[in-house]
Amino acid sequence: MIRVNIDVMLAKRKMTSTQLSEKVGITLPNLSILKTGKAKAIRFSTLEAICEALDCEVSDILEYVKDEDEENE
């Protein structure tokens, strides 16, 4: 599974979701979908804008976490 760590980066940068959505140019509901990991996809341009706004790397935002079921096999 892919874990989305936007909240972590927002806290580190002392930025609100509203500020990020304005800088990136996406709506708060769409940002919320991303933050909760419910998004099915993300455009590279959006990912790039988030990284630029948060001054971070993609790996700071997206993290691969092995599914517990896979580990038990």
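If you line up the long axis of helix 44-54 against the longest principal axis of the chain, both from Cα atoms, how many degrees apart are they, to the nearest 10?
The angle comes out at about 70 degrees.
List the trypsin sites (Lys or Arg not before Pro) in segment 16-73 that DSSP assigns to loop (not H, G, I, E or B) and whose Cβ has at most 15 other Cβ atoms within 10 Å. Which are they? Walk me through the intermediate numbers first.
On the way: sites: 23, 35, 38, 40, 43, 66; in loops: 38, 40, 43, 66.
Answer by residue number: 38, 40, 43, 66.
About the Cα centre of the chain, how large is the charge dipole given +1 on each Lys and Arg Cβ and -1 on each Asp and Glu Cβ? Please answer in debye to the nearest 20.
Working: 10 positive and 14 negative charges, 117 e Å.
Its charge dipole is roughly 560 debye.
For labels at residue 1 and residue 67 in the simple 7 Å Cα→Cβ model, what's the distance in nm?
For the pair residue 1/residue 67, the computed spacing is 1.0 nm.
Of 58, 25, 47, which is farthest towards the positive pole of the chain's charge dipole, taken about the Cα centre with +1 and -1 on the beta-carbons of Lys, Arg and Asp, Glu respectively?
Of the options given, the answer is 25.
Assuming 0.36 nm per residue, please report the length gained on full extension of the stretch residue 14 to residue 59 beyond their Cα-Cα distance.
Difference between extended and current length: 14.3 nm.
No lab work stands behind these numbers, since they all come straight from the coordinates. As the structure is a computational prediction, the values presented were derived from the model and not from experiment. Note that we place each Cβ from the backbone using ideal geometry, even for glycine, and neighbour counts take in every protein chain shown.
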